[in-house]
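Below is one structure, written out as structure tokens, with a few remarks after it.
The values are calculated or read from the model by the stated rules, or taken from the named source; none is laboratory data. As the structure is a computational prediction, the values presented were derived from the model and not from experiment. Cβ atoms come from the backbone with ideal geometry, glycine included; neighbour counts cover every protein chain shown.
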Amino acid sequence: MEAKYLKDNLGCLTSCLKEVAEKRPHDPIEYIAFWLRKHVENARLKAKKEEEAKQLKKEQEEEALDKERRAKRLEEARRLSEEEAARRKAEEERRAREAASASKLPVVEEKEEPDVEAPPTTDSAEVSGETAGEESESKEAEPETEGEQTGVTEEGDTTEADGDKTAEGATTDEPSEEQPPAEES
């Protein structure tokens, strides 16, 4: 026999016999039977309480896991809603920027260029016999109206009415507007 079995089952008999010797009941066999029934009932109650304690502990652990899962789900739902709100806000800002940038752009209308041809002009400087240097000085002194004497149209293109004009709109004899005329000392 094993020691644990003897201790659990026969160890209680020693306690029972000890009580019988101390109390000296009228019927010791009946007392021992009653005591053993009570002992078995107590053992069952103790096992039941241990089982309930294990079950309670297991339920508490499951509840803690469920609570943790719910917290994670809530956190994820909150995070997803924040991401969705941020995405919506970014989309609205992008749309607002597009609308603002689209409204800030000037309206471009295509204008038809007038088909009016400029009458051929003669260079008055050549007729009067002035030199090229004197001609540029006289042109600088004259007030020019925009688009008539310079040969510039409204769109900023140059007309080629004069044969001396280059693609930039300056004559070969005239100094360019970008470069200041050379000063003579």
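Results for (1) surrounded by 10 or more Cβ atoms within 10 Å (Cβ to Cβ); (2) in a helix (DSSP H, G or I); (3) at pLDDT below 95; (4) under 49 Å from the mean Cα position of the chain (by Cα), shown as yes or no for each residue.
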{"site": "E30", "(1), (2), (3), (4)": "yes, yes, yes, no"}
{"site": "V40", "(1), (2), (3), (4)": "yes, yes, yes, no"}
{"site": "K46", "(1), (2), (3), (4)": "yes, yes, no, no"}
{"site": "E51", "(1), (2), (3), (4)": "yes, yes, no, no"}
{"site": "D66", "(1), (2), (3), (4)": "yes, yes, no, yes"}
{"site": "R73", "(1), (2), (3), (4)": "yes, yes, no, yes"}
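Quick check on my filter: what residues within the stretch 1-18 are of a type in the set (D, E, K, R) and either modelled with pLDDT of 90 or more or surrounded by fewer than 10 Cβ atoms within 10 Å (Cβ to Cβ) (or both)? Show your work before the answer.
Start the filter on the stretch 1-18 by keeping residues that are of a type in the set (D, E, K, R), which leaves 2, 4, 7-8, 18.
If the condition is that a residue be of a type in the set (D, E, K, R) and either modelled with pLDDT of 90 or more or surrounded by fewer than 10 Cβ atoms within 10 Å (Cβ to Cβ) (or both), then E2, K4 are the ones that fit.
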